[in-house]
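One structure below.
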Amino acid sequence: MKIAVIDAQGAGLGQNIIKRIRKEIDNDVYIIALGTNSFATSKMVQAGANVGISGERAISSFCKTTKIDSIIGPIGIICSGGINGEITTMISNAIFNMDCTKYILPLQKHGIYIPGTRNLQIKDIIEEIVLDIKNNIEEF
């Protein structure tokens, strides 16, 4: 199974997601770290991603040309200008148009509120994502 994890800035969320996948699933998953900057990418690779891709054009090209099973990231990845402006229109469009499962973490940012998510903890959301990935691996 091939999974992309996308994050920006310091990639704290991306690192947590990758570490959790490695702890729970380990080698059954090939993880591609998509960082909007090289620092974020390197942090996610250090956390356990198999490979890293950095920058707007590289991420957009990857999203348009590579077949993966799922992509994971905060809600800002599908919003142009998301994650303090690090998600460009090119990146958000490329992600939105991918033919894969998109696991979107509903962070209370960007002026977007998803009803029913107010009391959800990030660790619980990540746990649910990892469980879903495990279930999908077992189907293959």
> For segment 94-121, what are the residues that are part of a helix (DSSP H, G or I) and surrounded by 15 or more Cβ atoms within 10 Å (Cβ to Cβ)?
Replying inline: Ala94, Ile95
>> Among the residues of segment 129-137, are any part of a loop (DSSP other than H, G, I, E, B), under 21 Å from Ile18 (Cα atoms), within 16 Å of the chain's Cα centre (by Cα) and of a type in the set (Asp, Glu)?
In response: no
> Checking Asp26 against (1) farther than 19 Å from Asp132 by Cα; (2) surrounded by fewer than 16 Cβ atoms within 10 Å (Cβ to Cβ), which test does it fail?
Replying inline: (1)
> So, in segment 122-140, of the ones that are in contact (Cβ under 8 Å) with a residue 40 or more places away in the chain and closer than 15 Å to Ile71 by Cβ, which residue ends up surrounded by the fewest Cβ atoms within 10 Å (Cβ to Cβ)?
Replying inline: Asn136
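Every number in this text was worked out from the coordinates using simple rules, so none of it is lab data. Owing to the predicted nature of the structure, the values given are computational and were not obtained by experimental measurement. No Cβ is skipped: glycine too gets one built from the backbone with ideal geometry, and neighbour counts run over all protein chains shown.
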